[in-house]
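FYI, it's all coordinate maths here, none of it is from the lab. Please read these numbers as outputs of a predicted model, since none were measured by experiment. Virtual Cβ from ideal backbone geometry, glycine too; neighbours counted across all protein chains shown.
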Amino acid sequence: MAARSATAGPSRWRRRGDLARFAIIGLFILFVIVPLYWVVITSIKPSNDYLTVPPVWFPAEPTIVHYTAALFSYRGLQGLVNSLIIASVSTVLSAILGTMMAYSLARFNTGGQHLAFWVLSQRFLPPVAIILPIFLLFRSWGLYDTRIGLIIAYTFMTLPISVWMMYAYFRQLPRSLEEAALVDGLSRWQTMWMVAVPLAAPGIAAASVFVFIAVWTEFFFALVLTSRHAFTLPTVFRAFLGFQGAQYGEACALATTSLVPSIILGMLVQRHLVRGLTLGALRG
Amino acid sequence: MANVKISGLHKSFGGVQAVRGVDLDIPDREFTVLVGPSGCGKSTLLRSIAGLEDVEQGTIEIGGQVVNGMRPRDRDVAMVFQDYALYPHMTVFGNISLSLRARGTPKPEIEARVNRAAEMLGIRALLARYPRQLSGGQRQRVAIGRAIVRNPRVFLFDEPLSNLDAQLRDEMRGEIKRLHQEIATTMIYVTHDQIEAMTLADRIVLLREGKIEQQGAPLDLFERPASLFVAGFLGSPKMNFLQGKLVRSGGAYAIDLGEEVPKLALPPGRAFNGATDGAKVILGLRPEHVGRAAGAQPAPGSQRLETTIELVQPTGSRSYASFRLAGQPVLSELQAHDVSGPGERITIDLNLPRATVFDPETGRAL
Amino acid sequence: MRPELDPVSVTDLATRGPLPPPARWRGGGALSAWVDQHFKWLMVAPAVLLILALSIYPLLFSLWVNFVNYDFEIPGHDFVGLQNFRQIVNDPLAWSSLITTIFLSLAVVAIEFLLGLGLALAMVRMFRGRGIILSILIIPLFISPVIVGQSWALFLQRPFGPADYLLSQLLGHPVNISWVGEVPWVYIAIVIADVWQWTPFMFVVLLAGLAAIPAHLYEAAELDGISGLRVLFYVTLPQLAPIIFLAVTFRLLDAVKLFDVIFMLTGGGPGTATYTTSFYLYQIGFQQFHLSTATAGSWLFLILLSVVIMVLVRRLLRAENA
């Protein structure tokens with residue numbers, strides 16, 4: 001990103017400006033880190049360190065007992081495994097379907113403005129508008145509380161992200177490579193997978209990471225469409241509602257477990273962040 | 001190997017007509033060059049033959065088979081692109097072998113073919129490298145290798161040498177010509193460079209604004225251009241064009257350029273399409289046919305006159321001297337040391353039997 | 001011959017032409033040709049079918065449900081006309097949820113915009129360590145909203161949460177706010193949680209927009225003698241306007257769906273004070289199982305949102321094609 005000042009001015013302003021800038025940045029960093037720190041530290045505090053005034057910022061005897069409790073007594077492990085499976089499969093499916101559609105839109109302008117508009121607008125559909133009928137439909141189709149059901153729902157939910165991020169990447173590819181492949185004797189299907197997709201791979205990878213994070217962190221669909229078998233990690237937090245005090249550690253342990261992959265993946269796609277957040281409208 | 005036949009081809013993009021009614025017959029094994037200024041439709045024509053563009057009207061036949069609507073892969077043609085279009089994520093071996101891999105050719109056969117093609121082009125040592133590690137000339141060879149490994153019926157070249165520097169271009173030109181002698185397949189080559197056209201072609205097809213202006217052997221087009229456009233396009237430096245009137249006395253024709261200059265007598269026996277006496281015409285004479293007077297008498301049909309040189313442009317092997325004839329500029333080709341400089345009086349022989357007379361309205365040769 | 005190419009003599013070439021053409025296509029044929037011809041439609045078909053199945057079809061189904069009595073407690077699906085809609089419209093909680101939703105959405109988006117802009121302006125100039133700071137600042141974007149809700153519930157806990165303690169230290173006198181149990185603090189709590197998570201979104205998008213402003217505009221301003229805050233208002237913001245529009249509408253459309261944080265942080269409470277529309281409809285549909293009523297409410301909500309969605313999506317498409 002370019003480095004430039006948005007407010008020009010003589011040098012004494014610069015110094016004051018610098019102070020203000022770093023103050024703002026510093027405050028925000030604190031704002032971001034402190035709650036996170038609190039969650040992580042609570043996950044390793046022994047229980048009697050919870051209810052203290054002043055609060056304990058670093059426990060004298062850190063423990064991992066909450067992690068084991070969260071994973072096994074509160075079925076956190078099952079939630080974790082379900083989330084992993086569901087997120088992974090949804091990501092793959094979303095990537096495949098999204099790639100196919102993005103390629104078609106990018107190369108052939110299929111369906112013109114209308115199709116593009118329709119797919120894009122799905123991103124903004126409030127889940128509450130379709131959750132009730134989907135709930136009923138899933139029940140009648142036998143998909144309620146199944147991993148497959150959630151996978152289908154999440155693939156649908158993340159299509160706009162996949163399609164729109166990859167669309168931008170496909171548009172940038174020079175046509176002559178694909179033309180060479182066609183003349184060489186490849187079918188369009190082969191051309192897409194053997195020439196276009198490998199070249200768009202960075203974009204596809206970035207889009208996939210965004211999809212994974214979206215599914216990993218999703219709550220509403222999982223809440224409504226699962227029960228005792230296919231529940232995901234975010235839904236396990238329901239068990240900690242009400243905060244009777246005894247479960248702070250477990251709740252935070254689970255939170256930390258969910259946080260770590262999220263954040264690591266997020267760091268990986270930093271460069272594509274603006275593109276992912278705005279569905280490709282901005283390059284960043 | 002196959003011949004290519006195009007009948008009544010029309011193709012437009014949006015509202016713009018790129019190809020308007022082209023008929024072309026290319027016999028098997030011939031090297032045909034489609035040449036013309038940019039926008040003349042040559043690339044469109046080539047891409048239509050490849051199947052990369054759909055045609056609205058007309059038919060394309062390869063080897064007697066109508067290929068309209070057939071996918072490129074089914075037409076069994078190979079194409080070499082201007083920007084080489086090498087797959088950056090594959091090695092040279094991968095690039096060349098892709099077409100074979102895609103159709104399920106067994107591995108030993110793939111190896112044999114790729115090695116054979118690489119050997120022919122002298123790139124065997126590069127098979128494990130990636131396109132980004134290659135120079136322009138090497139990439140071009142890989143692109144050609146990709147084409148020859150399939151041994152297609154027709155080779156198509158879309159301005160393959162435009163991205164190379166001049167020295168490399170000369171060298172690759174020779175290679176392509178030798179390739180044609182070597183594998184004797186129909187080749188259709190598109191370029192805007194008339195030197196490439198002249199040196200490579202068995203037959204030149206000169207296109208202008210979507211139509212064929214003239215086609216034939218290079219020397220035919222060069223010595224007997226059918227129009228002003230053809231005459232001006234081929235040959236460097238350009239042909240001299242002089243405006244005058246065609247006059248007739250007795251059975252002989254002559255060009256009248258005005259009072260200051262004697263009439264230029266044209267050789268007898270030429271009909272000039274029954275042009276009327278006094279009609280406005282353009283006389284075309286190439287600089288190499290305007291030279292220093294040699295011998296006591298001019299050669300039969302040539303005309304001798306005296307003039308003053310205005311400008312001299314030496315190119316090393318030749319020098320080009322400009323002078324004026326009835327106020328119109330004329331370029332003549334002289335030996336390198338044969339001229340001293342501007343202001344020199346010189347005697348010139350005009351080799352009129354080699355001249356072409358054009359109708360200024362239609363641009364056609366008479 | 002250039003040195004890097006093998007020397008090849010003409011006689012060599014003459015004796016070694018290429019092999020005859022390879023075998024005909026395997027797997028070519030009519031099916032392959034048909035696929036190629038309809039390729040573009042075949043490629044969009046699976047995605048389109050999925051969207052039809054999970055978006056259009058359910059919407060149509062729910063359209064029917066709107067006018068019918070679909071209640072797990074009452075048997076049969078009798079046609080009831082507009083009764084479901086009337087029930088929603090007559091429910092004061094539906095209205096208060098809507099107002100809460102609008103109020104909260106506008107509040108969070110406004111605050112996120114201002115903070116995000118400030119942060120973006122502060123970060124736009126390069127400095128050492130900027131990359132690391134950027135990485136830290138975007139962390140909240142990748143966290144599950146339920147975790148955000150829960151974390152803030154924990155942090156704002158009374159009486160043992162650090163928030164009250166820190167405030168006490170800062171202000172010098174004991175602070176004992178019941179963040180989750182008292183209006184108006186509970187609204188502030190929700191706003192804080194949402195702002196914590198989504199300000200980085202605004203920040204990142206606005207930063208990208210700022211970086212794209214051409215330097216010569218600032219140079220011209222400097223020559224003209226404009227400085228300080230006026231540059232901000234006369235140069236920066238006008239240039240940023242389309243990006244601001246994009247970011248604000250994007251965020252707004254997401255904010256009105258507010259559910260996860262409400263669920264974990266307040267549970268709609270105290271009482272029903274923090275019911276948002278999504279939470280309200282969830283309660284009606286899945287806790288009380290009045291499915292038709294909930295569906296009717298969802299439709300009304302969707303219709304309200306559609307206008308904003310259409311405007312934003314059109315804008316996005318135009319930006320993409322530019």
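What number of residues within the stretch C:250-281 are closer than 15 Å to A:F124 by Cα and in contact with a Phe, Trp or Tyr (Cβ under 9 Å, 6 or more places away or on another chain)?
Going through the stretch C:250-281, the residues closer than 15 Å to A:F124 by Cα turn out to be C:250-259, C:278.
Restricting the remaining residues to those that are in contact with a Phe, Trp or Tyr (Cβ under 9 Å, 6 or more places away or on another chain) gives C:250-251, C:253-259, C:278.
Counting residues in the stretch C:250-281 that are closer than 15 Å to A:F124 by Cα and in contact with a Phe, Trp or Tyr (Cβ under 9 Å, 6 or more places away or on another chain) gives 10.
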Those residues that are within 11 Å of another protein chain (Cβ to nearest Cβ), without any contact (Cβ under 8 Å) to a residue 12 or more places away in the chain and among the small types (G, A, S), I need them from the stretch A:127-150; list them, please.
A:A129, A:S140
Testing B:L179 on (1) surrounded by 18 or more Cβ atoms within 10 Å (Cβ to Cβ); (2) farther than 26 Å from B:R146 by Cα, one condition comes back false. Which one is that?
(2)
Within the stretch B:142-176, track down each residue that is buried (at least 24 other Cβ atoms within 10 Å of the Cβ), more than 14 Å from chain C (Cβ to nearest Cβ) and part of a helix (DSSP H, G or I).
B:A143
Do you know which of the residues in the stretch B:317-362 that are among the polar types (S, T, N, Q) and touching a helix residue (DSSP H, G or I) at 6+ places or on another chain (Cβ under 8 Å) is surrounded by the fewest Cβ atoms within 10 Å (Cβ to Cβ)?
B:N351
What number of residues within the stretch C:222-235 satisfy the criterion of being without any contact (Cβ under 8 Å) to a residue 24 or more places away in the chain, under 15 Å from C:L121 (Cβ atoms), in a helix (DSSP H, G or I) and not aromatic (F, W, Y)?
4
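So in the stretch A:217-257, with the set limited to residues that are touching a Pro at 6+ places or on another chain (Cβ under 7 Å) and part of a helix (DSSP H, G or I), which one is nearest to the other protein chains (Cβ to nearest Cβ)? Full working, then the answer.
Pass one, the stretch A:217-257, residues touching a Pro at 6+ places or on another chain (Cβ under 7 Å): A:217-222.
Now narrow it down to the ones that are part of a helix (DSSP H, G or I): A:220-222.
Numbers: A:F220: 6, A:F221: 10, A:A222: 10 Å.
Residue satisfying both the conditions and the ranking: A:F220.
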Screening C:A122, C:A110 for residues that are within 22 Å of C:I243 (Cβ to Cβ), free of Cβ contacts under 8 Å to residues at least 24 places away in the same chain, in contact with a helix residue (DSSP H, G or I) (Cβ under 6 Å, 6 or more places away or on another chain) and assigned to a helix (DSSP H, G or I) leaves only C:A122
Within the stretch B:202-230, residues buried (at least 21 other Cβ atoms within 10 Å of the Cβ) and of a type in the set (G, A, S) come out as B:G210
Residues being surrounded by 15 or more Cβ atoms within 10 Å (Cβ to Cβ) and under 14 Å from B:R150 (Cβ atoms): count how many of those fall in the stretch B:104-117.
6
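Select from the stretch A:97-124 the residues that are among the polar types (S, T, N, Q), surrounded by fewer than 18 Cβ atoms within 10 Å (Cβ to Cβ) and at the interface with chain C (Cβ under 7 Å from one of its Cβ atoms) and list them in ascending order. Break it down into steps so the answer makes sense when it comes.
Initial filter on the stretch A:97-124 (among the polar types (S, T, N, Q)): A:99, A:104, A:109-110, A:113, A:121-122.
Next, from what is left, pick out any that are surrounded by fewer than 18 Cβ atoms within 10 Å (Cβ to Cβ): A:109, A:113.
Result: A:Q113, single match.
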Quick one: what pairs do we get from the stretch C:40-53, first residue more than 7 Å from chain A (Cβ to nearest Cβ), second among the aromatic types (F, W, Y) and surrounded by 20 or more Cβ atoms within 10 Å (Cβ to Cβ), C-beta under 9 Å, 6+ apart or different chains?
C:A53/A:F156
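Residues that are closer than 27 Å to B:V142 by Cα and within 25 Å of the chain's Cα centre (by Cα), at least 3 per element: which strands (runs of 3 or more DSSP E) completely within the stretch B:1-114 meet that? Quick ask: steps written out before the conclusion?
On the way: elements: B:4-13, B:16-26, B:31-35, B:57-62, B:77-80.
Ranges flagged: B:31-35, B:77-80.
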Would you mind stating whether A:M166 is more than 11 Å from chain C (Cβ to nearest Cβ), assigned to a helix (DSSP H, G or I) and surrounded by 21 or more Cβ atoms within 10 Å (Cβ to Cβ)?
yes
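Rundown of residues vs (1) of a type in the set (S, T, N, Q); (2) within 19 Å of B:G250 (Cα to Cα), yes/no style:
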| site | (1), (2) |
| --- | --- |
| B:L266 | no, yes |
| B:V290 | no, no |
| B:R304 | no, no |
| B:T307 | yes, no |
| B:P314 | no, no |
| B:R354 | no, no |
Residue set B:R103, B:R139, B:R71; condition of a type outside the set (S, T, N, Q), free of Cβ contacts under 8 Å to residues at least 24 places away in the same chain, within 14 Å of chain A (Cβ to nearest Cβ) and touching a Phe, Trp or Tyr at 6+ places or on another chain (Cβ under 8 Å); output residue B:R103
